[in-house]
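For reference, the structure discussed in these notes is given below.
The values are calculated or read from the model by the stated rules, or taken from the named source; none is laboratory data. Values in this document were obtained by computation on a predicted structure and should not be read as measured data. With ideal geometry, Cβ positions are generated from the backbone for all residues, glycine too; neighbour counts draw on all protein chains shown.
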Amino acid sequence: MKCHRYKYKAWLQAEVFRSNQSFMKKCFTVLSLLLILINGEVFSQKKVWTLDECIFYAIDNNIQIKQQGLQTQYQKNALDLSKYKLLPTLNGSGSQNYSWGRSLDQTTYEYVKDQRVVSNNFYLGGSMTLFSGLQNYNSIKKYEYELLAGEQDLQNIRDNISLTVALNYLQILLNKELVSATNEQLQISLQQIEKTRKLVDAGSVALGNLLQIEAQAAQEEVQLVNMQNQLDISYLDITQLLELKTPEGFEVVVPGISIDSNEVIGESIDDIFQIALGTRPDIKGPELLLSAREYDLKVAKGGRSPKLSMNHSVTTGYSDLRKKILGLDPNSGDVIYGNYSFADQFSDNRSYQLGLSLSIPILNGWQVNKNIANSKLNIENSRYALDGAKKQLYKNIQQAYADASAALKKYTASGKAVKSMQESFRYTEQKFNVGLVTPVDYNASKTQLLKAQSDLAQSKYEYIFKTKVLDFYRGIPLSLTNQ
C-alpha cells in the first residue's frame, strides 16, 4: 500500500513538472513574440529620409505655409464678394404694432376714439447697380490679381522652405563626413599609441614620445565629441524645420555624390536671370500686385462717374381696425361692413414699386481726388517693389554663381591637397615609427591632413548647395539623385 502511495506521489510530481515545463514554454513563446513586436515597433520608428521626402513633409506641415494658405483663402473670399456685388440686393422686414387712443379707420377714413389697434407691415425689396463707372468690374479684376499674387507668395514661401531644408540636409551630410574623418584620425592615433608603447617598453624610444601621442589622441577625442555634437544639432535643426517632435529615430539617406573637378556652370548669370524672371514667384508676385494696383486706380477714377441704380420692392399690411365692404343695404342704402381676415388683407394690400435713381458726384470733400492720388502712389510704390525684387534676384544669382565657382576651385585645390597630405603623412608616419621624426612633427602632419579633409568636404557640399540654388532659379526641382 505504501509502495502505491510512493508511485502515485512520483507520478504526481512528474505531471506537475511536465505541466510547469509546458507553462514555461508557453511563457517563453509569448515573451519572444512580445520582444519581436517591441523590436519591430522600435525599428519601424526609425525612418530614413531622402531630401525629397524632407522637402514634401516640411511643405505639408510648416506653420508659415499654413498661415499663408489661410491668407490666400481670405483673398479668394474677397474676390467672390466682389463678384456677388453684381447681383441685386433683396431684403425683407416685418413688424407688428399696437396703438391705443384716437386712430384712423382705414375703411371709413374716420377717426375713432379710445380704440386699441393691432397692425402689421411687411416689406420685401432691394436695389441693383446698373452703372457705377465700371467700379465693380475693375474691383473684380483687382481682386483676381491680388489672389494670383497671394498664390505666388505662397509658392515663394514653399521655395524658401525647400532651400532651407536642402541646406540643413547637406549640413548633416557634411557633419557626417567630418565625424568620420575625425574618428579615422583618432583610430590612427590609438594604433600609434600601441606601437609607441611597445617601443617604449623595449627601450627604443623615450617615454615623452608616448605622452605626446596620448595627448594628441585626447585632443582628437575632444574634437570628435565636438563634431558629434554639431551633427546632433544639425539633426535637431532639420527636425524642428519639419515640425517633428523629436530627432530620435530620424536618419537621412547618404546619396552617392561625385563632383567633376573639370565641371563648369553652363549658363551665364544673365542667362539664369532671364530664366528666373519668367518662373520665380518672388518676381511674378510683385508683377501681379502692380496689375492689381493699376485696376485699383481705375476703381478710384470710377468715383467721378454718375451712378445709376434700380430699386424694387413689394409691400403689404394688416390692421384689425380695417373692415371689409360687403355691399349696400337695399333698404337704407348704408354700406355693410364685415370681418376682414389677415389672409385677405395680406393679399389685397399688396403694392409693387420699381424705380431708377441717378446719383451725380459733385463735391464730396475731395475724397475721390485723394483716392485717385493715393492709387497713383501705390502704383509707383509697386513699381519700386518690382524693381527691387528684380535687383535682389540678380544679386542672389550673382552671389550663388560666384560662390559656386569659388567652391569648385576650392574643391579642386582641396582634393590635390588631400592627396599630397596623405602621401606626406604616410611618409612621416613611417619615419616616426623608426624614430626619425619627433612626435610634434608627426602630430602636425596629422592635423594638416585632417584640415585638408575638412576643407575638401566643406567645399564639396558648398558647391552642391550653390549649384542647387542656381538650378532652382532655372526652374529645376531640388534633388540629390542627379549628383
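One residue stands out among those in segment 335-367 that are touching a strand residue (DSSP E or B) at 6+ places or on another chain (Cβ under 7 Å) and assigned to a loop (DSSP other than H, G, I, E, B): the one that is surrounded by the most Cβ atoms within 10 Å (Cβ to Cβ), which is TYR340.
Residue-wise test of (1) on the phi > 0 side of the Ramachandran plot; (2) within 32 Å of the chain's Cα centre (by Cα); (3) not assigned by TED's automatic domain parsing to the domain that holds ASN136.
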site	(1), (2), (3)
ARG322	no, no, yes
ASN339	no, no, yes
ALA343	no, no, yes
ASN364	no, no, no
ASN374	no, no, no
SER382	no, yes, no
LYS390	no, yes, no
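Looking across segment 302-318, the residues that are buried (at least 16 other Cβ atoms within 10 Å of the Cβ), hydroxyl-bearing (Ser, Thr, Tyr) and over 12 Å from ASN136 (Cβ atoms) come down to SER313, THR316, TYR318.
If I ask for residues that are small (Gly, Ala, Ser) and either outside any helix (DSSP H, G or I) or at pLDDT 85 or above (or both), which ones from segment 192-235 would you list?
If we filter segment 192-235 for residues that are small (Gly, Ala, Ser), which is where we start, we get 202-204, 206, 208, 215, 217-218, 234.
Those that are small (Gly, Ala, Ser) and either outside any helix (DSSP H, G or I) or at pLDDT 85 or above (or both): GLY203, SER204, ALA206, ALA215, ALA217, ALA218, SER234.
Picking from ALA413, ALA407, which residue would you name as being in the same structural domain as ILE188 (by TED's automatic domain parsing), part of a helix (DSSP H, G or I) and surrounded by 17 or more Cβ atoms within 10 Å (Cβ to Cβ)?
Details: ALA413 fails: surrounded by 17 or more Cβ atoms within 10 Å (Cβ to Cβ).
Only one candidate qualifies: ALA407.
Yes/no per residue for (1) touching a strand residue (DSSP E or B) at 6+ places or on another chain (Cβ under 6 Å); (2) under 30 Å from ASN160 (Cβ atoms); (3) at pLDDT 85 or above; (4) among the polar types (S, T, N, Q):
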site: TYR401; (1), (2), (3), (4): no, yes, yes, no
site: PHE425; (1), (2), (3), (4): no, no, no, no
site: PHE432; (1), (2), (3), (4): no, no, no, no
site: TYR461; (1), (2), (3), (4): no, yes, yes, no
site: LYS468; (1), (2), (3), (4): no, yes, yes, no
site: PRO477; (1), (2), (3), (4): no, yes, no, no
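Quick test for you: out of ILE63, ILE59, pick the one residue that is within 35 Å of the chain's Cα centre (by Cα) and surrounded by fewer than 12 Cβ atoms within 10 Å (Cβ to Cβ).
Only one candidate passes the filter, namely ILE63.
If you check ASN175, ASN168, which single one turns out to be free of Cβ contacts under 8 Å to residues at least 60 places away in the same chain and touching a helix residue (DSSP H, G or I) at 6+ places or on another chain (Cβ under 9 Å)? Write out each step before concluding.
On the way: ASN168 fails: free of Cβ contacts under 8 Å to residues at least 60 places away in the same chain.
Result of the check over ASN175, ASN168: ASN175.
Taking the numbered list (1) free of Cβ contacts under 8 Å to residues at least 60 places away in the same chain; (2) outside any helix (DSSP H, G or I) in turn, TYR384 passes all entries but (2). Restricting attention to segment 138-154, does a residue exist that is surrounded by fewer than 18 Cβ atoms within 10 Å (Cβ to Cβ) and of a type outside the set (A, V, I, L, M)? So far as segment 138-154 goes, no, none of its residues is surrounded by fewer than 18 Cβ atoms within 10 Å (Cβ to Cβ) and of a type outside the set (A, V, I, L, M).
Report yes if some residue within segment 448-459 is surrounded by 16 or more Cβ atoms within 10 Å (Cβ to Cβ) and touching an Asp or Glu at 6+ places or on another chain (Cβ under 7 Å); otherwise report no. Step through it out loud before you land on a result.
Applying the first criterion (surrounded by 16 or more Cβ atoms within 10 Å (Cβ to Cβ)) to segment 448-459 yields 448-450, 452-459.
Cutting the leftovers down to touching an Asp or Glu at 6+ places or on another chain (Cβ under 7 Å) gives us 457.
Looking for residues that are surrounded by 16 or more Cβ atoms within 10 Å (Cβ to Cβ) and touching an Asp or Glu at 6+ places or on another chain (Cβ under 7 Å), one finds at least one in segment 448-459, hence yes.
Rundown of residues vs (1) out of contact with any Lys or Arg (no Cβ under 7 Å at 6 or more places or on another chain); (2) outside the structural domain of ASP334 (by TED's automatic domain parsing); (3) not charged (D, E, K, R), yes/no style:
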residue	(1), (2), (3)
ASP60	yes, yes, no
TYR74	yes, yes, yes
LEU79	yes, yes, yes
ASP105	yes, no, no
VAL118	yes, no, yes
PHE122	yes, no, yes
TYR137	yes, yes, yes
GLY150	yes, yes, yes
ARG158	yes, yes, no
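ALA206 meets the conditions (1) in contact (Cβ under 8 Å) with a residue 40 or more places away in the chain; (2) farther than 29 Å from GLN458 by Cβ; (3) out of contact with any Gly (no Cβ under 6 Å at 6 or more places or on another chain); (4) not aromatic (Phe, Trp, Tyr) in every case but one. The failed one is (1).
When we screen ILE397, ILE362, ILE325 for residues that are under 30 Å from LEU163 (Cα atoms) and among the β-branched types (Val, Ile, Thr), the only hit is ILE397.
Condition check ((1) touching a strand residue (DSSP E or B) at 6+ places or on another chain (Cβ under 7 Å); (2) under 28 Å from GLY415 (Cβ atoms)) across all residues:
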position: GLN185; (1), (2): no, yes
position: LYS195; (1), (2): no, no
position: ALA215; (1), (2): no, no
position: GLY249; (1), (2): yes, no
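Residues in segment 259-301 that are touching a helix residue (DSSP H, G or I) at 6+ places or on another chain (Cβ under 7 Å), more than 16 Å from TYR137 (Cβ to Cβ) and among the polar types (S, T, N, Q): SER261 alone. Of the residues making up segment 393-420, those that are within 19 Å of ALA457 (Cα to Cα) and among the β-branched types (Val, Ile, Thr) number 2.
Could you say which residue among ARG322, ARG293 is outside any strand (DSSP E or B), modelled with pLDDT under 90 and buried (at least 17 other Cβ atoms within 10 Å of the Cβ)? Let's see the steps before the verdict.
On the way: ARG293 fails: modelled with pLDDT under 90.
Unique residue meeting the criteria: ARG322.
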